[in-house]
1. Given charges of +1 on the Cβ of Lys and Arg and -1 on the Cβ of Asp and Glu, with all other atoms neutral, how large is the dipole of the chain about its Cα centre, in debye to the nearest 20?
2. Across 10 Å bins from 0, what is the distribution of all Cα-Cα pair distances for the chain, in whole percents?
3. So for the pair VAL130, ALA37, with labels modelled 7 Å out along Cα→Cβ, what separation do we get in nm?
4. Could you name the aspartates and glutamates whose alpha carbon sits less than 14 Å from that of LYS126, not counting residues in the same chain fewer than 8 places away?
5. Would you compute, from DSSP H runs of 4+ residues alone, the mean residue ellipticity of the chain at 222 nm, taking -39500 (n - 2.57) per run and dividing by the full residue count, rounded to the nearest 500?
6. Would you please put 14-22, 138-146 in order of how densely packed they are, using the mean number of other Cβ atoms within 10 angstrom per residue and starting with the highest?
7. Can you tell me which aspartates and glutamates have their Cα less than 17 Å from the Cα of LYS161? Leave out same-chain residues fewer than eight positions away.
8. What length, rounded to one decimal in nm, is gained on full extension from ALA72 through to GLU114, with 0.36 nm per residue of separation minus their alpha-carbon distance?
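What follows is calculated from the coordinates using simple rules that are stated; it is not laboratory data. Given the structure is predicted, the values throughout are model-derived calculations rather than measurements. Reconstructed Cβ throughout: ideal geometry from the backbone, glycine too, with neighbour counts over all protein chains shown.
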Amino acid sequence: MNDKRILILGVGNILLTDEGFGVRAVEYLEAHYRWAAHVRLMDGGTQGLMLMPELQECDFLVVLDVVLGPEAPGTVYLLEGEDLRKSLSFRDSMHQTDLLDTLVTCDLAGHRPEAIVIGLQPFDYKTMHVGLSPQAEALLPEFCRKAVAEMAQRGIVAEPKAE
């Protein structure tokens, strides 16, 4: 994937406990890993359609987020293809509704990047609190290691920074 423009996008609302997990994950990846020049890391927050220019400029999109699935809190999900489409239909979160609309709009505009979502089943995504739940905070390093390993399988390689 050295010739592809890659965007690693952390999304979520940092004011709602684990809802901000994707943002915290991209911050962790930026602080602990070195990335190639064609890989961009970005805090997408809850920007929704305002992210369209960034999405149209990339060839491959990695979204880091929370995912509400059938498994226990702390479960890590990889969503792509049909599973990704279904996950983006989840409308209990403002940023995921906007992300779906943004990807559909990119498609209509003629360039929708190939995309995957790497997400965590949240412990608490409704409590108004700046900061992750203690359980999600404890899982952040391992989640990021899994995300880096998944991206490496797709040719997106990162090097750990010296501690």
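1. Approximately 160 debye in magnitude.
2. The percentages, shortest bin first, are 11, 44, 36, 9, 0.
3. It is 3.7 nm.
4. Partners within reach: ASP18, GLU19, ASP92.
5. On the way: 5 runs with 60 residues, N = 163.
One gets -11500 deg cm²/dmol as the mean residue ellipticity at 222 nm.
6. Numbers: 14-22: 24.2, 138-146: 16.2.
Per-residue Cβ counts within 10 Å, averaged per peptide and sorted highest first, yield 14-22, 138-146.
7. Hits, sequence-local ones excluded: GLU27, GLU30, GLU142.
8. Numbers: separation 42, 0.36 × 42 = 15.12 nm, distance 2.80 nm.
Gain on stretching ALA72 to GLU114: 12.3 nm.
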